[in-house]
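Input: a single structure, listed below in structure tokens.
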Amino acid sequence: MRLMLFAPFALYLGYLVYERFVLNKCRKCIKHIIHINGIRGKTGTARLIDAGLREAGLRVFTKTTGNIPSYINVSGEERPIKRLGRANIREQLKMISLAAAENADALILECMAVNPKLQLFSERSMLKSTIGVITNVRYDHILEMGESLPLIAESLSNTIPKDGLLFTADV
């Protein structure tokens, strides 16, 4: 009986270890990951950064989560993201893998998480970005992030890269 309970757990644990190995391998192939967070303007900011880096000659892979979730591959072709269910931060893993497979120099990702703990997990455990962008701090998502601008700003700060750069426009 114990073996029947242990086997699925061991398989799942093995899958998680394999997934971490693949993530780390793919992550090392990408020189810059730019993680964009904020209440409004993430998609426009991602597209603007994408255009600038492409013009500078970099191979750029960008994922946006606006009204129509999509990604722009290194050739500049935009593709819609087909989701079977609701948006999930695990989608970022697939984008890292796709960007690595296309030998991207830079990967631009919008933050998918509203929950502060998921924002922190996404940044520290998955993306490990080199550049962070916070577009703004506004009153929105107050149930998840907090009822004041300082609390919302604190939540958004969960995506500030460790040992990386941060850009923001709000003062």
Here the residues within segment 124-160 that are out of contact with any helix residue (DSSP H, G or I) (no Cβ under 7 Å at 6 or more places or on another chain) and open to solvent by less than 50 Å² (accessible area, probe 1.4 Å) are Ser125, Thr130, Ile131, Asn136, Asp140, Ser148, Ala153, Leu156, Ser157
For a quick check of your reading: which helices (runs of 4 or more DSSP H) sit entirely within segment 90-168 and have at least 3 residues that are touching a residue at least 24 places away in the same chain (Cβ under 8 Å)?
91-101, 116-121, 149-156
What number of residues within segment 69-81 satisfy the criterion of being open to solvent by 30 Å² or more (accessible area, probe 1.4 Å) and either over 20 Å from Lys42 (Cα atoms) or outside any loop (DSSP other than H, G, I, E, B) (or both)?
5
Checking Met95 against (1) surrounded by fewer than 20 Cβ atoms within 10 Å (Cβ to Cβ); (2) within 15 Å of His35 (Cβ to Cβ): exactly one of these is not met. Which one?
(1)
Of the conditions (1) open to solvent by 40 Å² or more (accessible area, probe 1.4 Å); (2) closer than 19 Å to Ile131 by Cα; (3) in a helix (DSSP H, G or I), Phe9 satisfies every one except a single condition; which number is it?
(2)
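The values are calculated or read from the model by the stated rules, or taken from the named source; none is laboratory data. All values reported here derive from a predicted model rather than from experimental measurement. Every residue, glycine as well, gets a Cβ built from its backbone with ideal geometry; the counts of neighbours run over all protein chains shown. The area values use the complete protein model at the heavy-atom level, side chains included, leaving out ligands, DNA and RNA. Shrake-Rupley method; radii C 1.70, N 1.55, O 1.52, S 1.80 Å.
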